[in-house]
Amino acid sequence: MFFANSGAEANEGAIKLARKYGALHKNGAYEIITFEGGFHGRTLGSTTATAQPKYHEGLGPLMAGFVYAPFDDLDAVAERIDDETCAIMIEPIQGEGGVRIPSREFLAGLRRLADEHELLLIFDEVQTGCGRTGQWFAYQHFGVTPDVLTLAKALCGGLAGGALLTTREIAPSLRPGMHASTFGGNAIAACAGIATLETIEQDHLLERARELSDQFRTRLEALQAACPIIREVRLVGLMIGLELTVTGGPVVEACLQRRLLVNCTHNTVIRLLPAMTLTAQQVDEGCDILAESLHSVSA
Ligand SMILES: Cc1ncc(COP(=O)(O)O)c(C=O)c1O
């Protein structure tokens, strides 16, 4: 494990690890396959890994060595693998891309392709990790284990902290001194990280996230049946997306007027990433306000 200060930094570490691995074990292969609609951060490397043109405007030339593939399309990934490929990097559930949940077969297929071609499978769990989905890590839902995992966001309970994890076999590709960070793993972030992990465990927050998720599912599916502008409800634990038939901006505004903060991503998806410590009553209150706001926009 290597400690960083943010998700973008953890991902930069993963990109460097993949390139070092390619240099040592794959004849200098350096290309990393990433996915349309993905999001990996705002540094130049992680921005290039982010296969969304809107984040690239005015920043060119971007870093060489990234190849983009459509999400949830295994054949397209297989077609893009060649002698230069060293890794596949993906969010197991796309967050900023609109809470997109891939099929189990797709992620299992990526594992198979990575094994066949000796590629590193990197899961960016900056958003999905640390309990957000009702498991410690999203990969556990799919039964697919990555070679490299990145974490941040919830890791230190709101303080800046990130981490890059890999196996004992792969870790030596990045030797001491090849990558470092002055503040990575600093004492305050580390204490906050330990307190966060202990709280999740002691307060049974993974179970709590799953219970709250069931409550959200019941409420939001009922809302979908009653509200024609909701195209689809997608959720895993407390990672929740409402795909609308219209742009989400007016819904965000209508919620804000009623003192509820929600986020719209990918233009038409209302994304909810609520606290794992909510009470059942707060879920109901929030869903009531969301319903009122959606009905007002729909009308
Ligand atoms: C999946 C994913 N990766 C990376 C990042 C970047 O993390 P940070 O903002 O901590 O650099 C984010 C942030 O939203 C994210 O959702």
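The values are calculated or read from the model by the stated rules, or taken from the named source; none is laboratory data. What you see is a predicted model, and the numbers here were worked out from it, not measured in a lab. Virtual Cβ from ideal backbone geometry, glycine too; neighbours counted across all protein chains shown. For accessibility, only protein heavy atoms count, side chains too; no ligands or nucleic acids. Shrake-Rupley method; radii C 1.70, N 1.55, O 1.52, S 1.80 Å.
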Expected 222 nm ellipticity per residue - DSSP helices of 4 or more, -39500 (n - 2.57), all of the chain, to 500: -12500 deg cm²/dmol
I'd like the carbon and sulfur percentage of the solvent accessible area for the chain, probe radius 1.4 Å, heavy atoms only, ligands and nucleic acids excluded. 53
So which lysines can LYS26 reach, going by Cα to Cα under 30 Å and dropping same-chain residues fewer than 8 places off? LYS16
For the chain, modelled as a Gaussian network with Cα springs under 10 Å, which listed residue fluctuates most, LEU278, LEU110, LEU149? LEU278
Of all DSSP beta bridges having both residues in the chain, the percent classed as antiparallel (nearest 5) is 60
Gaussian network model of the chain, Cα within-10 Å springs - most flexible of LEU261, LEU197, LEU17: LEU261
Where does each of HIS40, HIS141 land when they are ordered by accessible area, with a 1.4 Å probe and the largest first? HIS141, HIS40
In terms of Cα to Cα distance under 17 Å, which aspartates and glutamates are near enough to LYS20, apart from those fewer than 8 places away along the same chain? GLU9, GLU12, GLU31, ASP83, GLU84, GLU118, ASP147, GLU169
What accessible area per residue comes out for the range 7-58, rounded to a whole number of Å², with a 1.4 Å probe? 40
For the range 37-105 the trypsin sites (Lys or Arg not before Pro) that pass both the DSSP coil test and the at-most-13 other-Cβ-within-10 Å test are ARG42
Unit charges on C-beta of K, R, D, E only; dipole of the chain, Debye: 540
Ignoring ligands, DNA and RNA, how do PHE183, PHE137 rank by accessible area with a 1.4 Å probe, largest first? PHE183, PHE137
